[in-house]
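What follows is one structure encoded as structure tokens, with my remarks underneath.
The values are calculated or read from the model by the stated rules, or taken from the named source; none is laboratory data. Everything quoted here is computed from the prediction, not taken from an experiment. With ideal geometry, Cβ positions are generated from the backbone for all residues, glycine too; neighbour counts draw on all protein chains shown.
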Amino acid sequence: MRLMKYSAVEALLRAFEVEDGSELMTEIRNIFGIEQRHRMNEVAAEDFVKVVNFLARRFYPELPLNEAYFKTGKRVFSGYRETILGRVQFAAVQMMPVDRVVKFAPENMNRNTNFGSRRWEQISSNKYRFIFEDDPPPPAFCAGMFQAGLEATKAKNPRVTYRQTGVDKAEYILEWE
């Protein structure tokens, strides 16, 4: 079973200000099939994707699905920064050059899952390719997270593009001036 750390779900909940006991939290917990106050260390990747789908559709119903995923990914980045793990990681990010932060992203995602392959290739000094395989979150969602991450580093004119290369496979191009 493909598992990821609960901090990924926690980031989603914080990003959308989902409170314990709320109607929205009840709907999300029903997706996982768990009791109201139950806490998990890990969640199935497929369940995480269900919650991403649910929140993207719930909060951005007027947008095409890939745009909703992108906005959800951007928003979840700020939620992750509020988790304990996120606070520790982003304290260091503020002192690192942009390229070093970019190289760190796939490694960080690998540490938080027991599945998939995520690696980077440098194309030029300010342009990188991420190659993700066996990674079920929608590529537009991940692209939104990467865009928000680049913006958080104060990179000048950051841009993220992506293409799905197969089932649970995608390539991302991250670049800045």
Selection within the stretch 6-27 - β-branched (Val, Ile, Thr) and crowded, with 17+ Cβ neighbours inside 10 Å: Val9, Val18
The stretch 154-164, subset free of Cβ contacts under 8 Å to residues at least 24 places away in the same chain and part of a strand (DSSP E or B), residue surrounded by the most Cβ atoms within 10 Å (Cβ to Cβ): Val160
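Examine the stretch 92-99 for a residue that is within 23 Å of Val52 (Cα to Cα), buried (at least 16 other Cβ atoms within 10 Å of the Cβ) and not aliphatic (A, V, I, L, M), and state whether such a residue exists. Step through it out loud before you land on a result.
Step one: of the stretch 92-99, the residues within 23 Å of Val52 (Cα to Cα) are none.
For the stretch 92-99, residues within 23 Å of Val52 (Cα to Cα), buried (at least 16 other Cβ atoms within 10 Å of the Cβ) and not aliphatic (A, V, I, L, M): absent.
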Test for Asn108: is it closer than 22 Å to Ala45 by Cβ, at pLDDT below 85 and not small (Gly, Ala, Ser): yes
Residues being surrounded by fewer than 16 Cβ atoms within 10 Å (Cβ to Cβ) and within 18 Å of Glu107 (Cα to Cα) - total across the stretch 134-153: 1
Matching residues, the stretch 106-154, being touching a Phe, Trp or Tyr at 6+ places or on another chain (Cβ under 8 Å), over 26 Å from Tyr60 (Cα atoms) and aliphatic (A, V, I, L, M): Ile131
